[in-house]
1. For the stretch B:157-310, give the percent of accessible area contributed by carbon and sulfur heavy atoms, probe 1.4 Å, rounded to a whole number.
2. Per residue, how many Å² of accessible area does the stretch B:216-272 show with a 1.4 Å probe?
3. Ranked by accessible surface with a 1.4 Å probe, highest first, in what order do B:Thr271, A:Thr164, B:Thr209 come?
4. So what J values fall out for the stretch A:136-143 if you push phi through Karplus, 6.51 cos²θ - 1.76 cosθ + 1.60 with θ = phi - 60°, rounded to Hz, Gly and Pro as x?
5. Per residue, how much accessible area does chain A have with a 1.4 Å probe, in Å²?
6. Taking θ = phi - 60°, what integer Hz values does the Karplus form 6.51 cos²θ - 1.76 cosθ + 1.60 yield along the stretch A:89-100, in sequence order, with x for Gly and Pro?
7. B plus A alone minus the pair: what accessible area, both sides summed, probe 1.4 Å, in Å² to 100?
8. Translational D (Stokes-Einstein, µm²/s) of the stretch B:184-224 at 10 °C and 1.306 mPa s when Rh comes from the Kirkwood sum over C-alpha pairs?
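The values are calculated or read from the model by the stated rules, or taken from the named source; none is laboratory data. Note that the coordinates shown come from a computational prediction; the quantities given were computed from them, not determined experimentally. Neighbour counts run over all protein chains shown; Cβ positions are idealised from the backbone, glycine included. These accessible areas exclude ligands, DNA and RNA; they are computed on the full protein's heavy atoms, side chains included. Shrake-Rupley method; radii C 1.70, N 1.55, O 1.52, S 1.80 Å.
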Amino acid sequence: MDLQDARPATGRSTAVRGAVLLLAGLAALSLCAALSLAAGSRPVPLGTVWHALVADDRSPDGLVVTGLRVPRTVIGLVVGAALGVAGAVAQGVTRNPLASPTTLGINAGAGFAVVTAIYALRLTHPAQYLWFAFAGAALATLAVLAIARRAGDLDPVRLALGGTVLAAVLTSWTSAVMLASHRTLDEARFWLAGSLAGRQTDILLPVLAPLAIGFVLAFVISPALNALALGDETAQALGVPVAKVRAAGGLAVVLLAASSVAVAGPLSFIGLAAPHLVRKLVGTDHRRLIPGCLIAGPLLLLAADVLGRVLLRPTELEVGIVTAFLGAPMLAVLARKVAR
Amino acid sequence: MNAQAVPTARAPRPRHVGALARQRRRTALLTVAVLALLVVLLALGLSTGEVPVAPLDALRALAGFGDAGEVMLVQDLRAPRVLAAVVAGAGLAVAGSMMQRVARNPLAAPDVIGVTGGASLGAVAVIASGVSATWTPLAALGGGLLAAVLLAALAWRGGVTVTRLVLVGLAVQSGLAAAVNLFIVRFPAELASSALQWTTGSVYGRNWTEVNIGGSLVLAGIALALLGHRRLAVLDLGDEPAGALGLAPNAARLQLLLAAVVLASVAAALTGPVGFVALAVPHIVRFLAGPPTLGTLGLTALCGAALLLGADLVVLHLLPVHGLPVGVVTATLGAPWLLVLMMRQMKPNAGSAAR
């Protein structure tokens, strides 16, 4: 958050610093992943976790690790990375430090689509929600972007207002559908809280292609996002096709965020928090920021998930609720700094 | 949208006076029209239902005249619901109007900055603890004030700036929403349903005790708002002119905001956080009647009442599904309005919101 940290340093010391940060980040992420494999209502010692991973361990502990926690951790890694990168791109494209997948109406859109589908088609399993969540999220985002467009440019105020309005309407429609049918309410409220539990890794298969396209787009436009940060006119003068970069960035955000909602339900704040955390460490250069979010996103998500599992043991707290609780104060602090 | 207030205040005097007179006529006309609409809606609300009563008889029965059965039906069963909608709609609209003007931000509304979210949390906590539902309004008020305290603690930094207030408000709102969500996930299905009903905003099953207490509090709040209108008008001139006129801008702003928060919480205690009434009605009134004056503040109250009552009638009679909360309708009706207004007026506002 301390933007002054982006002071130019000599090439070599920056490279060293970057390497150290990268190693530290990867170490922290591995630690979180290990904890995610070990912690839960049935704590498993790390030695047993290792044994279960490398050998074919048929003990109850080993089955818990390989059958439940490995999928959960893998999903957490993928979803966290997608949300982190989506947030970084959203903030870069809109030049608004408070932009995030949540503010773009993605969660509300996915929620409404899934709840409607549960109601109308009598779905009973998160794996069946996938395409509805994806479609709802993508449509809502496109709608908010359309509202916020003004003469080819994205107005940040319109973006915030449009996102808020659309999210409020969709949320109230979601409540209406849930109130109209008890079965839908009972089915949907757990999904709506956002969770990594009870999913197998094959739920990732259908979204692999959109995720891959989203990640590639994000990395391709990252140099252009740096130019965009200087203002549209400067970027244009530097030869950056501003409108195309915006469109590509918007597409990347939609693909990444919609895929993650589809897999794990609405998770707020990872997309907002990860870019800020990384920016504080490596500065504002998007060529470092976006790879950084690839580590910071899953780090935050897995940490929140582990916390949710140990906090109220033996029951567990949905990770979406944990991230919302942790994220709210963070957003407040950010808002204090942004709006002087 | 609120940026309009600034140029009006600085407009050259002669034109200003003529425009003001025209606006006053327009406001008066609109007030009469909305008042008539409100009476019609009131009569409709009291007369329709399982046992229909003629609209005029229903109004008479409300005053205690006519057939004893009709009087009981109207007074005991229908009036609390209808009056709760009227009072809460007026309170929410006035609170929203005050907030938007003090904060000079079209987004500043109790549902955006967390006040009604706090009220929801209070109410849901009561539902969770299983104590008598008569505590719900009090808990909702407490929750609204809690949100206001959080908001003040986090947004105060040697003064309040507008953008910070709204952004911090969004943060408070999302934290409180997460807490409500936690309850909804943990509840058994029936409780989750009634909690959801409450947090979407509903006038179903109000009784006279609630209407009497909540109603008098809301009316007192609206009266206070009307009395405080001079300060609002002075603040509209900008901080320096206000200071020159002997008004400490920050203190005045804080008092007015606090009043708006209490008003919104009390109104939300009565009906739940009915969405968009507080956000949309001030914009609608500004669109119809022009820049804010004392008269338009009164008009705002009437419009809020008419909107919420009308939305409740839609819920009762026009929707295919029964028992939906009125907040669904207000959100659906309010959002397009807001979006259209945004399209039309975003440009002049960009500067003031960026401050």
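1. Working: 3760 of 5410 Å².
Using a 1.4 Å probe with all protein chains present, the stretch B:157-310 comes out at 70 percent carbon and sulfur.
2. I get 45 Å² per residue for this part.
3. Accessible-area ranking of B:Thr271, A:Thr164, B:Thr209, largest first: B:Thr209, A:Thr164, B:Thr271.
4. Each residue's phi maps through the Karplus curve to give x, 5, 5, 5, 4, 5, 4, 4 Hz.
5. Working: 13960 Å² over 340 residues.
Heavy-atom SASA per residue in chain A reads 41 Å².
6. Result, rounded to whole Hz: 5, 4, 5, x, 5, 8, 6, 10, x, 9, 5, 6.
7. 3900 Å²
8. Result for D is 131 µm²/s.
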